[in-house]
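Okay, so here's the structure we're looking at.
Where a number appears in this text, it was derived from the coordinates with a stated rule and is not lab data. These numbers were taken from a predicted model, which means no experiment stands behind them. Backbone-built Cβ (ideal geometry, glycine too); neighbour counts: all protein chains shown.
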Amino acid sequence: MLPSPSSSPLQTPTLYNSTNLRRKGNEDDNRRKSSHPWLQLPTPPTNTKRPFEEDSSPSKRARLTAKYESRLNESEETLVERARTRFRRSACPPLSMARNDLPSYSPILNNISTRPILQSFVSSYKSDFFRCDSVENGLLTPPYACSYSHSAKAGRTSHLAVSTEEGAVHIFDTRKRSEWDPEPSRTTLRPHDNGVYDVKWSASDSRLATCSADRSIRISCIDTSQVLHTLTGHASSVKRAAWHPSNDSLVCSGGRDGMICIWDLRIRQSNAIGQSPVFNIPDAHESLMPSGRRTKQHTPKTITNLILNEGMNLVSSGSSDGVLRYWDLRFLSSSTMRSTAKSKRFTPSLYTPTDPTTLHGSRRPRGILSLTEGIGPSSGLLFALGADSRIHTYVASSLSSLPISFTDPNIQVNGSFYISSAVSPCGEWLATGGGKSALLFDIAAAAKPYARASPGVELKAQTGEVYAVDWADGMLASCADDRTVRIWRPDVDVYRSCLEDPDNYKWKWSWSVDS
């Protein structure tokens, strides 16, 4: 094969790779002269960039039109991406605007009301009905307090402890059953010979703490029905008890003597009657002057409620006003401690700056009947039922009161300190006693700005005053002084049937009534 002649023309390369290429010559020398690192830019020299090709076509002026013109030459993917960009810019508010709680976006942030679910609560006269039998005779005895176990709140069991006027505690199995099924066997304990004002389950559900008018707290074992500890230290009736959330050996109590006692069941400090407290806070709700100094009080203020959290911080309420007090049990302040011959008085770490019971047309402060802690969507809040028949809302971290409060014409406390309230395990609902019925409220949006308190849902099935209420997973228990306990469950089908044919279903079921 003959070689091609040298005179044949060379083929011109089709593409020139002139992008980001460094040429030899004066440009490299000039760049080496700039020794300062800030002057040595990472971009290549100007003349080594891709040359600009001028467009010989005549330029067109931009024309503005009021009417939108679709671009038919664009692909479908481009149009979809363009629409997504416009939606992100216009439809969704920025996070900063949402946090600033602007009025234009406040309806979007509010949760949907769960009031229709509360209205569907029903109770059967056969399978959701329990009597508090007397342990001394065949009669009935009125219940004072009720409490579901932690397992029941988590949806595992359905054990409800109900304390009575005789000093007994009945443990009911409130699981859902058919109308023809008999009542499950109950467990009955009698740790006291006088009325039991409060009953609380320990963290492991293996112990019960009961507060009685005999001025003592008894710790009972569920398995053996025996009293393990007798705690004495109060000078009057004991009203409330609170367990540590994860420790079965730590419990605190409050009584009519105005004293808060803290007990460690592992420490045996015995007296003539029973076990003594580790330490106590006397006159815990004595009035405070604005300067922080205490005023002399002759009548003790009853401790009505206690909440003990994981960090050994205690929140208490009293019968004299709506001011909550925060006690750090690890570091009680000694700077303002005043020693007397009998006791020492401590100053709370925090307290409510403004009494909310004086902000609704009454200058006289009212006490707190029941105090419960929010969870889930209502976490970080405290809900207190006051003697003014209102449920006030507090911030748990600062104990300051919020503008929103829940009330209903059917809440009639009548100065009774036996009424209780409770927050559901989902954290969206609150139930309270008072009057002839139990009241349910939607509290899911209580912490949000521009939140409005919705009217309550009335559950009326008992003839007497409803005092104690408590929640479990999917059910609510209400105790009344007609010596009965009723269980309420949401059932939309039964509720609709009751509304369609009330004359026939009123002999079998009780359902909600709009307040």
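At a glance:
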{"quantity": "Debye, to nearest 20: dipole size of region 144-429, +1 on Lys, Arg Cβ, -1 on Asp, Glu Cβ", "calculated": "960"}
{"quantity": "Listed residues Gly274, Thr358, Phe331: farthest to the positive end of the dipole of region 144-429 (Cβ charges)", "calculated": "Phe331"}
{"quantity": "Total formal charge among the other residues, if their Cβ is under 15 angstrom from that of Glu183, Lys/Arg +1 and Asp/Glu -1", "calculated": "+2"}
{"quantity": "Cα-centred dipole magnitude for region 153-223, charges only on beta-carbon of K, R (+1) and D, E (-1), debye, nearest 20", "calculated": "340"}
